[in-house]
Amino acid sequence: MSFKPLSRNQIAWRAAQDLQDGMVVNLGLGMPVLCANYCPEGREVLLQSENGVLGVGPVATKEEEDLDQTDAGSQLITLIPGASIFSSADSFAMIRGGHIDVTLLGGFEVAENGDLANWDADMPGKGPLIGGAMDLAEGAKEVRIMMQHTTRDGSARLLKACNYKLTAPACVNRIYTDLAVIDVTPEGFVVREILDGLSRDELQAKSGAALRYADDCGVLSAPDV
Amino acid sequence: MSFKPLSRNQIAWRAAQDLQDGMVVNLGLGMPVLCANYCPEGREVLLQSENGVLGVGPVATKEEEDLDQTDAGSQLITLIPGASIFSSADSFAMIRGGHIDVTLLGGFEVAENGDLANWDADMPGKGPLIGGAMDLAEGAKEVRIMMQHTTRDGSARLLKACNYKLTAPACVNRIYTDLAVIDVTPEGFVVREILDGLSRDELQAKSGAALRYADDCGVLSAPDV
Amino acid sequence: MIDKRVANLDEALAGLGDGMTIMFGGFGGAGLAIHLIKALAALPAKDLTVVSNSVRFLEDFGPALFEDKRIKHAVASAARSRGSVSGISEIQLADGTLTLDIAPQGSFAERIRAGGAGIPAFYTPTSVGTPVADGKEHREFNGRMCVLETALTSDFTLMRADKADRYGNLYFRGTQGNFGRDMAAASKCTVVEVREIVEGLLPQADIHVPGVFVKRIIQLPDVRGA
Amino acid sequence: MIDKRVANLDEALAGLGDGMTIMFGGFGGAGLAIHLIKALAALPAKDLTVVSNSVRFLEDFGPALFEDKRIKHAVASAARSRGSVSGISEIQLADGTLTLDIAPQGSFAERIRAGGAGIPAFYTPTSVGTPVADGKEHREFNGRMCVLETALTSDFTLMRADKADRYGNLYFRGTQGNFGRDMAAASKCTVVEVREIVEGLLPQADIHVPGVFVKRIIQLPDVRGA
């Protein structure tokens with residue numbers, strides 16, 4: 001049987017479907033910020049950016065560009081009506097204080113106990129970059145990770161224990177990959193959705209820790225976005 | 001020889017003469033707030049109020065009264081041009097962080113080492129009231145006290161050690177009374193100005209700790225205000 | 001659609017029950033939620049802990065809270081009633097029915113900010129050398145002795161602002177803000193009475209409290225001076 | 001008369017010398033004091049400690065600070081240069097000429113706020129269980145393990161705002177504010193380059209940083225995109 005892994009945009013689309021009306025959400029750099037394009041119609045999702053914005057709107061068009069209005073990824077952004085701006089200290093007070101419903105972050109590795117490694121991949125000659133990841137992973141009510149299921153050379157990213165330096169221990173609730181949607185539970189990884197055409201054995205072979213399957217495990221699919 | 005103690009307004013006038021151009025000053029309840037009326041012409045003194053105002057202006061006239069614009073003493077106030085408003089936490093960050101040049105506070109007692117007692121006079125049946133006094137006494141660069149030289153029954157308020165509960169230890173720099181201007185120095189109380197017609201013996205008799213005199217000790221006088 | 005408007009005072013205080021901790025915004029009357037305090041006093045909730053800069057305002061607008069001994073503990077920087085004779089809260093302080101955590105106002109404000117900011121504790125030099133520091137952990141930093149102060153959080157915060165929108169964004173007039181933003185952030189359920197719930201949404205420059213900190217808003221007139 | 005305007009960059013940085021600690025506002029280019037960073041790079045000051053959310057911007061606009069090895073220590077949440085090959089700061093980090101206190105961004109921001117607020121240290125759960133917490137004092141509050149973080153202060157803060165008045169009051173556009181207010185408060189000498197020094201004084205509603213935290217202001221054009 002053949003299968004077609006989700007594209008980055010499709011992973012973002014899938015993750016965005018789980019964002020509910022009224023949620024306050026922080027989107028990390030990379031794939032997570034793409035989710036902003038796929039929030040279901042009719043849901044008011046408030047995007048927080050850790051440099052001090054609640055109510056981030058679409059990336060600015062050429063005409064809208066303002067060098068003094070950026071998100072935490074240095075993109076030039078617009079604001080939605082009702083948006084507010086505040087200091088970095090106040091922004092992290094919001095994050096650390098538990099006022100963010102969901103953070104969607106990129107990940108290098110997730111362990112079956114929910115440990116997350118997403119900030120330091122030991123790149124030779126490159127300095128460290130933590131940014132807001134540790135505060136978000138520790139402070140948000142729910143931490144959801146978006147990543148390719150395996151590394152470029154095929155190694156597993158879902159592991160018994162992380163190899164890279166941790167961002168935060170036991171923090172991850174859900175993982176969206178190009179192959180599956182997986183929850184982190186007290187019993188370890190539980191697959192909620194698996195890609196059409198991908199067998200459970202194949203998915204297990206691409207994972208570094210035991211996978212269980214939800215009783216109502218569904219099919220992972222996304223439109224061509 | 002006879003002498004005429006300064007009135008409350010005259011003590012305030014005298015204290016106000018020591019406020020320099022550009023100073024950020026917090027005035028406590030009671031006599032200190034009267035100083036606002038006597039800042040010398042041509043000096044820009046910025047008054048801070050701990051409920052969250054920098055740039056307190058005169059007390060509001062009947063026409064200007066706004067129930068939503070008060071100082072820390074619940075007076076209805078105006079703002080000067082250039083005034084800013086902020087939260088209580090930010091206000092005390094300003095105070096605690098050492099950004100207030102001078103605080104003028106009322107006092108019950110001051111000890112010769114600079115200990116201040118101004119918040120709890122053990123009034124029977126009355127609850128405690130600290131307010132912002134401890135933060136101001138601890139945080140301001142200079143703490144200046146305004147008080148009657150003695151209690152109503154003639155007991156000394158300048159003491160070897162305070163009897164009442166302390167507001168902050170070793171914090172007072174200068175004291176303005178109806179009889180004298182006194183600095184608190186490593187050598188104890190040093191009189192800078194003494195009321196015209198009052199002898200050093202008389203002043204000492206009204207004080208509970210040894211008074212020294214500055215070499216250039218002057219005459220305390222104030223206009224009829 | 002996000003809509004934090006509630007229709008009446010019953011809805012505004014729904015869920016407020018025995019044993020809860022309640023914060024009250026306000027300083028010098030500005031930012032004080034008079035309607036909500038009166039509505040709270042009319043509820044049966046008891047064994048309450050109150051966090052209010054001054055206890056006096058609760059006594060002024062919700063005397064039944066004290067008369068019925070429904071407040072067991074107060075955190076405040078001022079617990080002195082009006083006038084020279086003892087008020088009811090002072091009588092209860094004296095006879096032990098009401099306990100008090102008396103705090104310097106700056107430590108009070110910072111403990112609330114810490115509560116909303118996920119900071120469980122911090123050190124401050126304020127109160128060192130005074131009886132207020134008795135029993136608190138002491139520690140020296142850079143030659144300056146400090147005490148450890150712990151965060152304050154609440155089940156409900158009751159406060160007043162001038163304007164709100166359906167997101168819960170708040171605009172303060174004058175010095176209404178005082179403890180409001182930090183108490184809103186420190187609470188599980190922040191209820192705000194406002195003079196006006198605006199059509200549409202507040203402009204960014206007017207938002208003093210992001211709506212994320214606010215759960216319920218209710219439009220109620222200013223009854224002071226009336 | 002209070003007048004914090006200075007005439008030129010020499011006056012703006014007067015007194016900045018060897019061994020000092022300097023904070024830099026800015027995030028994503030907004031609030032970054034490009035003129036002041038360039039002027040700093042042209043000074044001889046050495047043995048500097050820099051406090052900047054990202055080291056990269058200093059390298060972009062003041063490469064001489066690194067080339068001449070005048071920065072000995074950095075506090076940052078990001079110390080990664082542009083591109084995939086090592087930048088000069090990364091080479092110096094690797095060879096030990098530059099030491100680094102790498103901080104989670106929230107702890108970084110809060111340490112600066114604490115510095116300006118007279119809070120010498122605080123506890124936070126962020127970084128517990130990671131190598132960043134190694135060597136830090138741990139303590140549990142309410143069942144949650146935390147680490148002790150200490151305040152950051154500086155001799156100079158260099159930042160940019162949109163408008164200022166002679167009192168030093170500042171107005172930020174968009175997201176220029178970020179670390180600015182707290183760095184201003186945490187510093188002995190805060191110098192702010194602004195697009196416009198207004199006639200008269202800023203209106204209350206436009207003041208994002210009270211002038212009390214600012215020592216010097218200088219009007220300099222926005223050179224980005226030019």
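The values are calculated or read from the model by the stated rules, or taken from the named source; none is laboratory data. Everything numeric in this text was worked out from a predicted model, so none of it was measured. Every residue, glycine as well, gets a Cβ built from its backbone with ideal geometry; the counts of neighbours run over all protein chains shown.
Just one residue in the set B:V56, B:V33 is β-branched (V, I, T), in contact with a strand residue (DSSP E or B) (Cβ under 9 Å, 6 or more places away or on another chain) and in a strand (DSSP E or B); that residue is B:V56.
Taking region D:8-32 as the range and being more than 21 Å from A:N51 (Cβ to Cβ), assigned to a loop (DSSP other than H, G, I, E, B) and in contact (Cβ under 8 Å) with a residue 24 or more places away in the chain as the test, the residues that pass are D:N8, D:L13, D:G15, D:L16, D:G17, D:D18, D:G19, D:M20. If you go through region D:33-42 one residue at a time, do you hit one that is assigned to a helix (DSSP H, G or I), surrounded by 14 or more Cβ atoms within 10 Å (Cβ to Cβ), in contact with a helix residue (DSSP H, G or I) (Cβ under 6 Å, 6 or more places away or on another chain) and small (G, A, S)? Scanning region D:33-42, I find at least one residue that is assigned to a helix (DSSP H, G or I), surrounded by 14 or more Cβ atoms within 10 Å (Cβ to Cβ), in contact with a helix residue (DSSP H, G or I) (Cβ under 6 Å, 6 or more places away or on another chain) and small (G, A, S), so the answer is yes. The test for being among the small types (G, A, S), surrounded by fewer than 23 Cβ atoms within 10 Å (Cβ to Cβ) and closer than 27 Å to D:Y123 by Cα holds for A:G98.
Kindly check whether there is at least one residue in region D:205-215 that is assigned to a strand (DSSP E or B) and touching a residue at least 60 places away in the same chain (Cβ under 8 Å). There is no residue in region D:205-215 that is assigned to a strand (DSSP E or B) and touching a residue at least 60 places away in the same chain (Cβ under 8 Å). Scanning region D:207-226 for residues that are over 18 Å from the mean Cα position of the chain (by Cα) and facing chain B (nearest Cβ under 9 Å) gives a single hit, D:I207. Scanning region B:2-38 for residues that are more than 14 Å from chain D (Cβ to nearest Cβ), aliphatic (A, V, I, L, M) and in contact with an Asp or Glu (Cβ under 9 Å, 6 or more places away or on another chain) yields B:L6, B:I11, B:L27, B:V33. Tallying residues that are over 24 Å from A:Q148 (Cβ atoms) and either within 15 Å of the chain's Cα centre (by Cα) or buried (at least 17 other Cβ atoms within 10 Å of the Cβ) (or both) within region A:23-43 yields 2. Can B:R144 be described as among the charged types (D, E, K, R) and within 14 Å of the chain's Cα centre (by Cα)? Yes; evaluated as a whole, the condition is true for this residue.
Taken as a whole, the structure leaves D:M159 outside the set of residues that are closer than 30 Å to B:E44 by Cα and touching a Ser or Thr at 6+ places or on another chain (Cβ under 6 Å). Across region C:140-161, a minimum of one residue is classified as touching an Asp or Glu at 6+ places or on another chain (Cβ under 7 Å) and closer than 27 Å to C:V6 by Cβ. Within region B:195-224, the set of residues being buried (at least 16 other Cβ atoms within 10 Å of the Cβ) and part of a loop (DSSP other than H, G, I, E, B) comprises B:L198, B:K206, B:S207, B:A209, B:A222. If the condition is being free of Cβ contacts under 8 Å to residues at least 40 places away in the same chain and either within 18 Å of the chain's Cα centre (by Cα) or buried (at least 21 other Cβ atoms within 10 Å of the Cβ) (or both), then region A:168-189 contributes A:I182, A:D183, A:T185.
Scan the strands (runs of 3 or more DSSP E) fully inside region D:81-187 and keep the ones with 1 or more residues being within 14 Å of chain B (Cβ to nearest Cβ) and either touching a strand residue (DSSP E or B) at 6+ places or on another chain (Cβ under 6 Å) or surrounded by 17 or more Cβ atoms within 10 Å (Cβ to Cβ) (or both). Result: D:121-124, D:154-164. Considering the conditions (1) within 15 Å of C:V194 (Cα to Cα); (2) modelled with pLDDT under 95, C:G28 is excluded by exactly one of them, (1).
Taking the conditions (1) buried (at least 20 other Cβ atoms within 10 Å of the Cβ); (2) in contact with a strand residue (DSSP E or B) (Cβ under 7 Å, 6 or more places away or on another chain) in turn, A:R192 satisfies each one other than (1). Here D:L202 passes the criteria (1) among the hydrophobic types (A, V, I, L, M, F, W, C); (2) more than 14 Å from chain A (Cβ to nearest Cβ); (3) buried (at least 19 other Cβ atoms within 10 Å of the Cβ); (4) outside any loop (DSSP other than H, G, I, E, B) except the one numbered (4). Residues in region D:1-32 that are in contact with a Ser or Thr (Cβ under 7 Å, 6 or more places away or on another chain), within 19 Å of D:S154 (Cβ to Cβ) and surrounded by fewer than 23 Cβ atoms within 10 Å (Cβ to Cβ): D:T21 only. Is there a residue in region C:59-73 that is in contact with a strand residue (DSSP E or B) (Cβ under 7 Å, 6 or more places away or on another chain) and either polar (S, T, N, Q) or within 12 Å of chain B (Cβ to nearest Cβ) (or both)? Checked region C:59-73: no residue is in contact with a strand residue (DSSP E or B) (Cβ under 7 Å, 6 or more places away or on another chain) and either polar (S, T, N, Q) or within 12 Å of chain B (Cβ to nearest Cβ) (or both). Within the span defined as region D:153-168, every residue fails to be more than 21 Å from the chain's Cα centre (by Cα), of a type outside the set (F, W, Y) and more than 28 Å from D:I34 (Cβ to Cβ). What number of residues in region A:39-53 are within 14 Å of chain D (Cβ to nearest Cβ) and not in a loop (DSSP other than H, G, I, E, B)? Adding up the residues that qualify gives 4. Can you find a residue that is surrounded by fewer than 23 Cβ atoms within 10 Å (Cβ to Cβ) and over 20 Å from the mean Cα position of the chain (by Cα) anywhere in region B:48-61? Scanning region B:48-61, I find at least one residue that is surrounded by fewer than 23 Cβ atoms within 10 Å (Cβ to Cβ) and over 20 Å from the mean Cα position of the chain (by Cα), so the answer is yes.
Residues in region C:205-223 that are surrounded by fewer than 24 Cβ atoms within 10 Å (Cβ to Cβ) and over 18 Å from A:I85 (Cβ atoms): 8 in all.
Residues in region B:119-155 that are within 20 Å of C:T124 (Cβ to Cβ), of a type in the set (A, V, I, L, M, F, W, C), within 11 Å of chain C (Cβ to nearest Cβ) and assigned to a loop (DSSP other than H, G, I, E, B): B:W119, B:I130.
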